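Each reported figure results from applying straightforward, stated rules to the coordinates on display, with no laboratory input. Since the model is a prediction, treat every value here as computed from it, not as a measurement. Cβ: placed from backbone, ideal geometry, glycine included. Neighbour counts: every protein chain shown.
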Amino acid sequence: MADASVTAQAQDGAEYRAEDACAAELLCDRHPGSAIAFRVVEPDLTVRELTFGELAASSRRVAAVLAGRGVGRGDAVGVLMGKSAELPAVLLGIWRLGAVHVPLFTAFAPPAVELRLDGSGARVVVADADQVAKLQPGSGAAADRQVIQVGGERPSQPGHDRLADLLATVPDDPAVEPARVGADGRLILLFTSGTTGTPKAVPVPVRALASMERYLLDALDLRADDVYWNAADPGWAYGLYYALVGPLALGYTSLLLHAGFSPALTWEVLQRFAVTNYAAAPTIYRALRGEPPRSGAALRLRCASSAGEPLTPEVVSWSGDALGVQVRDHYGQTELGMVAGNAWRSELRAPVEPGSMGHALPGWSCAVLADDADEVAPAGTVGRLAIDTHHSPLMWFPGYADAPERTAERFTADGRWYLTGDTANQQDDGRLFFSSRDDDVIIMAGYRIGPFDVESVLTSHEAVVEAAVIGVPDELRGEVLEAFVVLRQDAEPAAGLERELQQLVKDQFAAHAYPRRVHVVAALPKTPSGKIQRFRLREAGVDAASR
Ligand code: ATP
Ligand code: MG
């Protein structure tokens with residue numbers, strides 16, 4: 001638990017903007033050594049508690065090992081690890097040296113790992129033993145890539161060593177000063193999810209910690225006595241910023257589940273550990289809805305939050321009874337962190353309007369710009385969702401790494417507005433309603449249709465678990481809608497289903513926006529983090545994707 005002075009200091013975030021800011025100090029050394037940073041839960045539900053004191057000592061030794069491999073300030077280090085007890089020590093070891101953490105998601109196939117290692121120039125990779133086979137020999141500047149393996153048998157390949165063996169060779173020297181990289185120093189180089197194309201490399205500076213902390217306090221209403229579990233994977237922004245880094249900045253305890261996702265295990269962890277504050281992506285809530293808990297043990301949830309994709313209404317209506325709290329939707333990006341949401345903190349909490357992702361969070365100013373001019377659109381009109389950089393003190397995005405053109409696309413010509421690449425509308429009272437990603441908007445006979453509105457209706461049908469809607473070319477109308485649906489495991493594709501779903505959309509959304517065809521598919525194309533990739537459905541051609 002953080003003491004009051006640390007928390008008070010954190011409220012204003014000045015320590016993250018300091019020229020001599022030191023990540024290891026801010027994320028670890030300043031907290032009481034006896035406070036618990038992580039509760040790591042193994043699949044058999046045994047727990048290992050990690051205190052800040054233990055993390056300080058273990059990360060100092062990791063830093064010594066990495067320094068011995070030539071890692072220094074500004075150097076990228078790839079990390080291909082699950083949510084184990086070793087993970088936080090490795091990350092803090094990297095930051096202690098002023099080096100840069102490059103997250104690699106454990107579900108990646110070798111090409112996705114390579115893209116990130118190549119793109120970051122990482123010459124050292126720390127990888128779980130069961131992940132090492134994914135690492136190809138480096139090329140060019142990274143030809144001498146070194147692999148530090150966590151766990152497993154002692155490796156025989158040249159350039160591969162086992163972390164435990166290396167740690168045994170270095171002493172813990174508390175006198176070694178951690179690097180002070182300053183507010184603009186890089187902590188992380190994180191690639192976006194690749195929902196709309198090739199992932200973009202986002203450098204996350206130390207100053208971004210201020211916004212991570214604010215999201216936890218304002219939107220999640222995180223308190224020192226919460227049992228907090230953010231189930232998102234730290235290979236992605238929501239998991240990395242808010243399950244690992246943000247809680248470290250605050251000095252609060254965060255639960256890590258050292259296992260892949262399964263609904264049964266999730267229910268067990270929620271029950272057994274009496275989780276009070278839970279956060280996860282919509283796809284996780286949808287899976288929980290599809291597979292109710294085996295035991296009736298009570299839940300203790302005070303807050304449940306969702307981010308990363310539109311939160312479909314059936315999850316919201318299910319959650320009140322099933323979780324004891326209604327899931328609240330929050331919005332953000334790798335490039336920004338979380339910027340809007342239906343906040344939980346009592347001073348900010350407003351009734352949720354169905355379909356709304358809430359208000360801009362403190363420290364951020366969000367607006368919807370007209371399609372044809374860089375001006376704020378009239379309330380209620382769909383346009384480009386943007387951040388007013390002149391009035392967003394928590395904004396930290398420094399531009400994509402080595403990609404000035406892609407960075408330029410993100411800003412209006414005068415530099416004032418950051419363009420999220422999403423469309424939305426904003427009511428007079430500031431509430432935001434997500435419409436779609438720019439690329440996914442369907443324009444039919446002059447009407448703009450966001451796929452999410454139609455998908456929400458489709459998933460409200462009892463046989464449908466997930467749905468994706470795209471526009472396909474049509475001579476007369478420009479585009480018409482086609483839908484792809486995944487049925488519940490026990491549902492048989494009935495003959496009249498297409499008609500039923502079309503009628504449902506006509507009755508509950510709009511007569512013109514019904515899908516001309518409904519394809520029943522076994523699965524939807526998704527990013528490794530579970531986001532629906534509509535561009536793949538468009539590319540594949542509708543016929544190829546239907547069964
Ligand atoms: P890429 O930029 O590589 O195509 P991505 O945009 O999915 O991938 P992320 O930064 O992980 O990469 O995701 C941010 C995007 O996720 C947002 O721009 C938005 O499209 C979507 N998103 C996040 N939260 C929400 C939400 N609450 N409602 C709707 N969409 C959301
Ligand atoms: Mg994006």
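The mean sequence distance of close C-alpha pairs (under 8 Å, at least 6 residues apart), as a share of the length of region 303-437, puts its relative contact order at 20 percent. Looking at the square roots a ≥ b ≥ c of the eigenvalues of the Cα gyration tensor of region 445-545, which shape do they give, rounded for a/c under 1.5, prolate if a/b is larger than b/c, or oblate? Judged from the Cα gyration tensor, region 445-545 comes out oblate (a/c at least 1.5, b/c at or above a/b). With +1 on the Cβ of every Lys and Arg and -1 on the Cβ of every Asp and Glu, and nothing else charged, how large is the dipole of the chain about its Cα centre, in debye rounded to the nearest 20? In total the dipole reaches around 740 debye.
Arranged from fewest to most other beta-carbon atoms within 10 Å of their beta carbon, Val480, Val339, Val47 become Val47, Val480, Val339.
Taken as entire DSSP H runs, the helices of the chain never both span 30 Å or more between Cα atoms along their own long axis and average 0.5 or more on the Kyte-Doolittle scale. Our helix-only sum for the chain, with -39,500 (n - 2.57) per DSSP H run of n ≥ 4 divided by its residues, gives a mean residue ellipticity at 222 nm of -6500 deg cm²/dmol. For region 356-409, the set of GluC sites (Glu not before Pro) satisfying both a DSSP loop assignment and a count of at most 14 other C-beta atoms within 10 Å is given as Glu375, Glu409. Roughly how many whole Å is it from the C-alpha centroid of region 104-177 to that of region 209-251? What the calculation gives is 27 Å, centre to centre. Here, the chain yields an orientationally averaged convex hull projection of 25.6 nm² when only Cα atoms define the hull. Its relative contact order, with pairs defined as Cα atoms under 8 Å and 6+ residues apart, puts the chain at 11 percent. Rounded, prolate or oblate: pick one for region 112-177, where a ≥ b ≥ c are the square roots of the eigenvalues of its C-alpha gyration tensor, a/c under 1.5 means rounded, and failing that, prolate if a/b is larger than b/c, else oblate. Cα axes put region 112-177 in the oblate bin.
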